[in-house]
1. Filter the range 82-106 down to the residues that are more than 14 Å from residue 21 (Cα to Cα) and in contact (Cβ under 8 Å) with a residue 24 or more places away in the chain and list them by number.
Amino acid sequence: MVVKAADQKRAEEIVALDVRKVSLLADYFVICHGNSERQIKAIVDAVVEEAEKNGVTVRRIEGREGAKWILIDLGDVIVHVFTGPERTFYNLEKLWSDAPMVNVSKWITE
């Protein structure tokens, strides 16, 4: 649901990490980036709307004011939406490199 919603707003390089064995925070991290503040906000809005439509509680949204790194806490899934430079700087994929990647290709349109 999260990957599809982000993809519909043309999120870039969508990655999902299975963090169940390496973190107590969540089961999955979904990481992506947008190319403008407007696009990032649209991605966040789409993910939140889709979550609510599917009965998933949006526990918290952090960083909406700055729109460089917005975190959406959906409980078992935490979504990270970055600007390109912020994503490169924080490099969550490397930080959580012990977590296996989930194949999201079936949820992304080419």
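Laboratory data are not the source of any read-out in this text; all were calculated from the coordinates shown. Computed from a predicted structure; not experimentally measured. A quick note on method: Cβ atoms are made from the backbone with ideal geometry, for glycine too, and the neighbour counts reach across all protein chains shown.
1. Of the range 82-106, the ones more than 14 Å from residue 21 (Cα to Cα) are 82-95, 103-106.
Selection gives 82, 83, 84, 86, 87, 92, 93, 104.
So that you can scan it fast, the table gives a plain yes or no per residue for (1) within 16 Å of residue 1 (Cβ to Cβ); (2) outside any strand (DSSP E or B):
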residue: 20; (1), (2): no, yes
residue: 25; (1), (2): no, yes
residue: 39; (1), (2): no, yes
residue: 49; (1), (2): yes, yes
residue: 57; (1), (2): yes, yes
residue: 67; (1), (2): no, yes
residue: 70; (1), (2): no, no
residue: 88; (1), (2): no, yes
